[in-house]
Amino acid sequence: VPQGLPIKGVRYVPHLVGEPYPHPQSKPLDYYSDVYAGLHKRDLPLIGQYVAADTLGLRAWPTDAPPEERAQFFQEMHSAGVCKVVPTFHVSKYYADMLLDGSSKPRTDPSSAFAVAFQRFGASVREELLGGVEMAAWTVDLSLDLHELLPLVGSDCVFSKVTTDKSFNMYMQLLDAVHGWVHPVGSSPGVAPALAAKPFLVPLDLSRVDWTEPAFQKKLDIFLRCMSTSRTAGGWSSLFAGDAAGTRWLFSFAEPLDQNITYRFRDQLTNVATDISKHSSSGVKAIVMVGTQALKRGTSNPINSVNLVEDMSITSKRYLDPYRDYEAVSQATSSLDGFMYDEWMDDWDRGTRGPFFLATDTIDKMLDKCDGGSRFTHDIDGCSRIVGNTGSVYPEFFGLVGASSQLMQHCIYPRFGFSLFGEGGAEISMTCAYMKPSTFWVLLALVLLAGVCLAQVMRLMLQWCFRDKPQAEKHKKKSGSDSSETQEAKVPQLGYITVRPQEIFLCGDHTLELQSTVLSSGHEAGWWLCQHATAQMSILEKQVKAEVSAIRALHLRRVHAPNKDVDNAAGSEEDASQEGQDSEAGVEEADLTKAMQVVHRRILEGFAAWCLYVSGTMFGAPRGCRLDFEALREMARQIEENQERPSDRLFVEALLLRVMESLGEQMLQCPERLSYLLFQIFQEAGGLLDLGPANFTIDMDKLHDGLVQMNIHTNPYTRQKMPSGKWEFGLNFDDINESGIQCRDSVAKTFREPASLMVVIDFVLSYRV
């Protein structure tokens, strides 16, 4: 027996709450570097003193990292009394790469990434780099999937279809390459001398055995025998032949709740240990890894097996029972060389996974995701799988200690009360530790932060110093002729039209005017107004006529409604006769009046809502608004209650808003600003109470206020000198619209977009779960 065996160990991975489970194809995290030194100092003394373990099983580490980064960890192990280690090579990455590439064979030439990584792994476990800790054995992080392979097992190795499975062949090629590099055929030296004298542990997750498979126990025996028999002797593998150190199995078990009823771990271990002892002349040996969960049945419905909660009590029995079962089987069979607990601390993102990745046919199956859980929740009802005879296991509760985060600390709380491998013990309380950040990255972050803060301060100071100075000489001097032309161009040009729709009942001698300092003459202003107003007038008349048709349809519906009495029938005949006369004479004035009222309310309902909002009727008046609130409320009432107002006046008011929208174009994105300008126009025309001929004047410069500034400058983070002479930030449509709510005569910047560090602050203040 090699000096390092047997072992009493714990699989040690210092998980963090919320830390994602690694992908098989990704680079592994170095859980044993100085970054995790705080957690090592917290955990290792507990493992050595209270668990009395002599071995740690480690997860794969990055082979391209300097081995010196783990020197402190091994020294801490030695100081804690844990003097053996079982390192792991990340072979699952190269299996995943084969799946991603669609290849069936790995690259094993000396320059391949696979060969280079393994050679570096072998170099990283040399005795002088382990700080006085002995390597008891070594393993990989990939297991065959017995759930898929056992159905392919026949009555003997030759009659089985396992060797035709693609996943099996890909797995065996990887392990054969690894085994061949350590124990080459002939006299040539291996690429990893530090591994040659140490047992290789072949991982196999026995919790994946499907008990519904007929004769599964016999098939498992044949599978193990064929795997431990060389190919020259009719077996499937040469891993257990030609190895002076003695290759062993690394069996993984998962105990469900009430395992004596649904699983009986001792019986399963006895069967497997007895079988492997007969598979060669000297017998094949194994190391056992067991995960048992810290759960109990809840009190709300104890009969329901799904009603489980975390067992917060300190109960050593759940962990001592599998070890005592192991000792009993080991003494009876002499084929077991060590025992390990599956997990030191809970992994909140483990889901339903075992301790190894599985050699499956897709990456998704390798990931083995649990869709019902989350890495930020300790899942009980969402992530479980069946083991044995209807036994449910929840691997996120396999830890000897629970894990939690409190403020900036990472804490563990024990689930056992005395030594698991030794005798005696003492009470263990919750223990917390900080993770030490990398000094280099902290200093780099501080330098960058200081640089950004200094740049922001300098920028603000420069803007403050030069805020009132003119921009350039090109804006300073202009010729006298240019000045006179500019002065003439700023004289408002006025054009007008009289509103005369085709329907005579909608005519009222109302006029619309358009004034602008941009247009060159009154004739041009009148032409623009005529084109827009004529088009909108035609559309509006069609809408009114469509509404008249709808009203007349309702009349006819009442006329021809069934089950009418005699009086109603007589009245209906009279109505029908009247309807016929109306059809010949034209649209009845009452229907037209009602239709115009409906269309008027529909078009101006947004303006009425603005009047009520700004006047404070609904939510309180906006700050800075100085309008006549009574006039606003009266205008809203005149729109909602327009039955007594003449149709021609309703028509021209609706037409006015439509023409403003047509002339404003992009101002359609700013309905609050349009409502404010419309209110000013109504006020200048005497309000909505005057029922005589009205004259409404549209100021095109005010209508386009904001669009001109946006055309010049839109960057909200920098100031630029505008035609008004002011240095302003860039506008957007939200600013224009908000100017209408705040009743500003001129459009101005109303919202300052956050910049630099304020973005982070604004994000935190606005964050919602």
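Specify which of the listed residues (Ser160, Ser143) is of a type in the set (Ser, Thr, Tyr), more than 21 Å from Thr232 (Cβ to Cβ) and either at pLDDT below 95 or not in a helix (DSSP H, G or I) (or both).
Working: Ser160 fails: more than 21 Å from Thr232 (Cβ to Cβ).
One residue alone meets the criteria, Ser143.
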If we scan the range 423-436, do we find a residue that is modelled with pLDDT of 80 or more, part of a helix (DSSP H, G or I) and β-branched (Val, Ile, Thr)?
no
So which strands (runs of 3 or more DSSP E) are wholly in the range 661-740 and hold at least 1 residues that are farther than 24 Å from Ser521 by Cα?
719-721, 727-729
Cβ-Cβ distance below 7 Å, separation of 6 or more or different chains: which pairs start in the range 75-98 with a residue that is under 20 Å from Arg126 (Cβ atoms) and end on one that is basic (Lys, Arg) and part of a helix (DSSP H, G or I)?
Glu76/Lys41
Name the single residue that is nearest to Gly9 (Cα to Cα) among those in the range 110-137 being among the polar types (S, T, N, Q) and assigned to a loop (DSSP other than H, G, I, E, B).
Ser112
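Out of all the residues in the range 100-110, is one or more closer than 24 Å to His23 by Cα, aliphatic (A, V, I, L, M) and either open to solvent by 10 Å² or more (accessible area, probe 1.4 Å) or free of Cβ contacts under 8 Å to residues at least 60 places away in the same chain (or both)?
Of all residues in the range 100-110, those closer than 24 Å to His23 by Cα come to 100-108.
Applying the additional criterion that residues be aliphatic (A, V, I, L, M) yields 100.
Retained after the next criterion (residues that are either open to solvent by 10 Å² or more (accessible area, probe 1.4 Å) or free of Cβ contacts under 8 Å to residues at least 60 places away in the same chain (or both)): 100.
Looking through the range 100-110, at least one residue is closer than 24 Å to His23 by Cα, aliphatic (A, V, I, L, M) and either open to solvent by 10 Å² or more (accessible area, probe 1.4 Å) or free of Cβ contacts under 8 Å to residues at least 60 places away in the same chain (or both).
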Pairs, please: C-beta under 7 Å, at least 6 apart or cross-chain, first residue open to solvent by 30 Å² or more (accessible area, probe 1.4 Å) and in the range 521-537, second among the β-branched types (Val, Ile, Thr) and in a helix (DSSP H, G or I)?
His532/Val659; Gln536/Val659
In the set Tyr717, Tyr676, the lone residue that is exposed (fewer than 13 other Cβ atoms within 10 Å of the Cβ) and of a type in the set (Phe, Trp, Tyr) is Tyr717
Need the failing condition index for Leu650 against (1) in contact with a Cys (Cβ under 9 Å, 6 or more places away or on another chain); (2) crowded, with 20+ Cβ neighbours inside 10 Å, just the number.
(1)
Residues that are open to solvent by less than 10 Å² (accessible area, probe 1.4 Å) and without any contact (Cβ under 8 Å) to a residue 40 or more places away in the chain, drawn from the range 386-413
Cys411
Hey, Glu684 hits all of (1) in contact with a strand residue (DSSP E or B) (Cβ under 8 Å, 6 or more places away or on another chain); (2) at pLDDT below 85 but one; which does it fall short on?
(2)
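Take the range 142-168 and flag every residue that is among the polar types (S, T, N, Q) and within 37 Å of the chain's Cα centre (by Cα). Explain how you work it out, then say what you get.
Step one: filter the range 142-168 for residues among the polar types (S, T, N, Q), giving 143, 155, 160, 163-164, 167.
Selection gives Ser143, Ser167.
So which of Tyr319, Tyr326, Tyr341 is among the hydroxyl-bearing types (Ser, Thr, Tyr) and farther than 26 Å from Cys383 by Cα?
Working: Tyr319 fails: farther than 26 Å from Cys383 by Cα; Tyr341 fails: farther than 26 Å from Cys383 by Cα.
From the options Tyr319, Tyr326, Tyr341, the qualifying one is Tyr326.
Being of a type in the set (Asp, Glu) and over 29 Å from the mean Cα position of the chain (by Cα) is the filter here, so list the residues in the range 1-40 that pass it. Step through it out loud before you land on a result.
To start, the set of residues in the range 1-40 that are of a type in the set (Asp, Glu) comprises 19, 30, 34.
Passing the criteria: only Asp34.
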The conditions are (1) in contact with a Ser or Thr (Cβ under 7 Å, 6 or more places away or on another chain); (2) at pLDDT below 80, and Gly417 fails exactly one of them. Which is it?
(2)
Identify all residues within the range 235-252 that are polar (S, T, N, Q) and part of a loop (DSSP other than H, G, I, E, B); write none if there are none.
Ser237, Ser238, Thr247
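Tell me, please, whether a residue that is among the small types (Gly, Ala, Ser) and touching a helix residue (DSSP H, G or I) at 6+ places or on another chain (Cβ under 8 Å) can be found in the range 201-214.
Going residue by residue through the range 201-214, those that are among the small types (Gly, Ala, Ser) are 207.
Filter again for touching a helix residue (DSSP H, G or I) at 6+ places or on another chain (Cβ under 8 Å), leaving none.
Checked the range 201-214: no residue is among the small types (Gly, Ala, Ser) and touching a helix residue (DSSP H, G or I) at 6+ places or on another chain (Cβ under 8 Å).
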Any idea which of Leu29, Leu16, Leu39 is surrounded by fewer than 20 Cβ atoms within 10 Å (Cβ to Cβ), in contact with a Pro (Cβ under 8 Å, 6 or more places away or on another chain) and on the phi < 0 side of the Ramachandran plot?
Leu29
Could you grab me the full set of residues in the range 706-758 that are basic (Lys, Arg) and over 28 Å from Lys490 (Cβ atoms)?
Arg752
Does Asp690 satisfy the criteria of being of a type in the set (Asp, Glu) and loosely packed, with under 12 Cβ neighbours inside 10 Å?
yes
Of the conditions (1) of a type in the set (Asp, Glu); (2) on the phi < 0 side of the Ramachandran plot; (3) under 44 Å from the mean Cα position of the chain (by Cα), Asp275 satisfies every one except a single condition; which number is it?
(3)
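Look at the range 182-234 and say how many of its residues are assigned to a loop (DSSP other than H, G, I, E, B), under 19 Å from Trp249 (Cα atoms) and open to solvent by less than 10 Å² (accessible area, probe 1.4 Å). Quick ask: steps written out before the conclusion?
The first filter runs over the range 182-234 and keeps only residues assigned to a loop (DSSP other than H, G, I, E, B), leaving 183-192, 197-199, 209-215, 228-230, 234.
With under 19 Å from Trp249 (Cα atoms) added as a condition, the list becomes 183, 197-199, 209, 228-230.
Now drop any that are not open to solvent by less than 10 Å² (accessible area, probe 1.4 Å), which leaves 199.
Adding up the residues that qualify gives 1.
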Considering each residue of the range 507-520, count those that are under 59 Å from the mean Cα position of the chain (by Cα) and either in a loop (DSSP other than H, G, I, E, B) or surrounded by 20 or more Cβ atoms within 10 Å (Cβ to Cβ) (or both), and give that number.
7
Among Ile47, Ile7, which is the only one that is in contact with a Leu (Cβ under 8 Å, 6 or more places away or on another chain) and of a type in the set (Val, Ile, Thr)?
Ile47
Run Leu56 past the list (1) outside any helix (DSSP H, G or I); (2) among the aliphatic types (A, V, I, L, M); (3) within 23 Å of Ala197 (Cβ to Cβ); (4) open to solvent by 20 Å² or more (accessible area, probe 1.4 Å) and report the number of the one that doesn't hold.
(4)
Suppose we keep only residues that are out of contact with any helix residue (DSSP H, G or I) (no Cβ under 7 Å at 6 or more places or on another chain), open to solvent by 80 Å² or more (accessible area, probe 1.4 Å) and modelled with pLDDT of 80 or more within the range 724-751. Which one would you say is nearest to Cys453 (Cα to Cα)?
Lys726
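Being of a type in the set (Asp, Glu) and surrounded by 16 or more Cβ atoms within 10 Å (Cβ to Cβ) is the filter; apply it to the range 135-166 and report the residue that is farthest from Ala80 (Cα to Cα). Explain how you work it out, then say what you get.
Filtering the range 135-166 down to residues of a type in the set (Asp, Glu) leaves 141, 145, 148, 156, 165.
So of that shortlist, the ones also surrounded by 16 or more Cβ atoms within 10 Å (Cβ to Cβ) come out as 141, 145, 148, 165.
On the way: Asp141: 26, Asp145: 36, Glu148: 42, Asp165: 46 Å.
For the range 135-166, the residue satisfying everything is Asp165.
The values are calculated or read from the model by the stated rules, or taken from the named source; none is laboratory data. On a predicted model such as this, the values are computed, not experimentally measured, just so you know. So basically every Cβ, Gly included, is an ideal-geometry build from the backbone, and we count neighbours across all protein chains shown. All accessible areas refer to the heavy atoms of the entire protein, side chains included, with ligands and DNA or RNA removed. Shrake-Rupley method; radii C 1.70, N 1.55, O 1.52, S 1.80 Å.
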